[in-house]
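Asks: My structure is below; once you've seen it, I'll send some questions.
The values are calculated or read from the model by the stated rules, or taken from the named source; none is laboratory data. Quick caveat, the model's predicted, so the values are computed rather than measured. For neighbour counting, all protein chains shown are included, and Cβ atoms are generated from backbone atoms with ideal geometry for every residue, glycine included.
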Amino acid sequence: MQITHDLHVHTNLSICAEPEADLKGYLKWAKAAGIKTLAVSNHLWDHAVPGWIPWYGPQDFKHICKIKEDLEQITDPDIRILFGAETEYSYQDHKIAITAEVAEQLDVMLVPNSHSNISMPTAFYPNLQQHADFMLRAYHDILDDPNSKYVTAIAHPFAAVECPYERELLLPFISDAQYRECFEETAAKNIAVEINASVFCKKTPFQIRNSEFLRIFQIARDCKCKFSFGSDSHSHNHMKYVQVCGIVADLLNLTEPQIINI
Ligand SMILES: [Zn+2]
Ligand SMILES: [Zn+2]
């Protein structure tokens, strides 16, 4: 499947992105990859929601809005650019770290249940069951939040970020019935499941076919979830990996109606 959207791109407004990762540079790579719709989804903790960790100090809504200056200057008939955010899950309050007022202003809102490196108490790491339970709890908390109606997609579901061990080891600690419960509710709420290029881009075709992530995406597909695609680029050249999402989509036998219409 040819991927025509990338809803997960970080510019240099995200402090973890490369300093030269500007929007203009991404456009070249996006066009080369056949992308027609691109969402800039920088990291965000809406500061109207208390409890942000210091990393989110500079990454509030006012900060990510700076991209709008670039958006106004770009008039390219071949590509549509959306204003998005990858917002955060607050473990402290068991909710999405965003207010309705801010969520309403986004074209695309991604929420991860797997920023363990940011949201999870570090004491959970040695116990893989506890780590998996954290992600499961986060997933349900996100879906149960009143602002879940604004969520476009769950970013890199169950793919623990910057995990000190192989993150796929965590997936069997959640049962298929528990995954089904998550994905049935995701489908019912019309929230997409993100196929994130960063989860698959370093794997061989054999490893992708045998990946636990592919297995849980099969459950999501069978639960009638829709899917979205994201490169999760933090630098321009990472966008070349976005088409690995097409390989995953083909392995899942996805067709256009199963892809989010954005
Ligand atoms: Zn993320
Ligand atoms: Zn991201």
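Asks: Please determine whether any residue of the stretch 45-64 is touching a strand residue (DSSP E or B) at 6+ places or on another chain (Cβ under 6 Å), modelled with pLDDT of 95 or more and away from ligand 2 (no atom under 15 Å from the Cβ).
Replies: No, the stretch 45-64 contains no residue that is touching a strand residue (DSSP E or B) at 6+ places or on another chain (Cβ under 6 Å), modelled with pLDDT of 95 or more and away from ligand 2 (no atom under 15 Å from the Cβ).
Asks: Okay, next question. Could you tell me whether PHE200 is within 18 Å of the chain's Cα centre (by Cα), touching a residue at least 24 places away in the same chain (Cβ under 8 Å), within 16 Å of ligand 1 (Cβ to nearest atom) and crowded, with 18+ Cβ neighbours inside 10 Å?
Replies: When the stated conditions are applied, PHE200 passes them.
Asks: List every residue pair whose Cβ atoms sit under 8 Å apart, with the two residues 6 or more apart in sequence or on different chains, where the first one lies in the stretch 30-49 and is among the aromatic types (Phe, Trp, Tyr) and the second, anywhere, is away from ligand 1 (no atom under 16 Å from the Cβ) and not in a helix (DSSP H, G or I).
Replies: TRP45/ASP60
Asks: Any idea which residue in the stretch 116-135 is surrounded by the most Cβ atoms within 10 Å (Cβ to Cβ), counting only those that are assigned to a loop (DSSP other than H, G, I, E, B) and more than 16 Å from ligand 1 (Cβ to nearest atom)?
Replies: TYR125
Asks: Are there helices (runs of 4 or more DSSP H) fully within the stretch 172-262 with at least 2 residues that are out of contact with any helix residue (DSSP H, G or I) (no Cβ under 7 Å at 6 or more places or on another chain)? List them.
Replies: The qualifying helices (runs of 4 or more DSSP H) are 176-188, 205-209, 212-222, 244-251.
Asks: What about ASN113, is it surrounded by 20 or more Cβ atoms within 10 Å (Cβ to Cβ), within 28 Å of ILE259 (Cβ to Cβ) and more than 16 Å from ligand 2 (Cβ to nearest atom)?
Replies: Criteria not met by ASN113.
Asks: Just checking, does the stretch 136-149 include any residue being buried (at least 20 other Cβ atoms within 10 Å of the Cβ), among the acidic types (Asp, Glu), under 17 Å from the mean Cα position of the chain (by Cα) and not in a loop (DSSP other than H, G, I, E, B)?
Replies: no
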